[in-house]
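No lab work stands behind these numbers, since they all come straight from the coordinates. All figures in this text were calculated on a predicted structure; none of them were measured in a lab. Here Cβ is always computed from backbone atoms with ideal geometry, including for glycine, and neighbour counts include all displayed protein chains.
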Ligand SMILES: [Zn+2]
């Protein structure tokens, strides 16, 4: 597997959402010490950290909630 293919998988790898096969492929590749992927993974770690810190579950007040539910129930 090439570095360019793995590049798309760093975030998913960190979040633990890859298939076992892909996760193992990324892990093995990193253990071989590829400098390109190490740097990429470092950046991906920052992105994942930022995302998990900034994303909060949305809370709607009851007025907006009932409006949203009405819209969702409306037939197109
Ligand atoms: Zn690599």
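Below is a table of values for the structure above.
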quantity: The chain: radius of gyration and largest Cα-Cα distance (Dmax), Å; calculated: 19.2, 55
quantity: Relative contact order %, segment 3-73, counting alpha carbon pairs below 8 Å whose residues are six or more apart; calculated: 35
quantity: Förster-model FRET efficiency, 25 Å R0, residue 28 and residue 52, C-beta, rounded to 0.05; calculated: 0.45
quantity: Cα long-axis angle, helix 35-54 against the chain (0 to 90 degrees, to the nearest 10); calculated: 20
quantity: Difference of contour (0.36 nm per residue) and Cα-Cα distance, residue 66 to residue 36; calculated: 5.9 nm
quantity: Mean Cβ count within 10 Å, highest first, over the residues of peptides 36-45, 4-13, 53-62; calculated: 4-13, 36-45, 53-62
quantity: Angle between the chain longest axis and helix 20-31 axis [Cα atoms, degrees, rounded to 10]; calculated: 50
quantity: Cα long-axis angle, helix 62-73 against the chain (0 to 90 degrees, to the nearest 10); calculated: 80
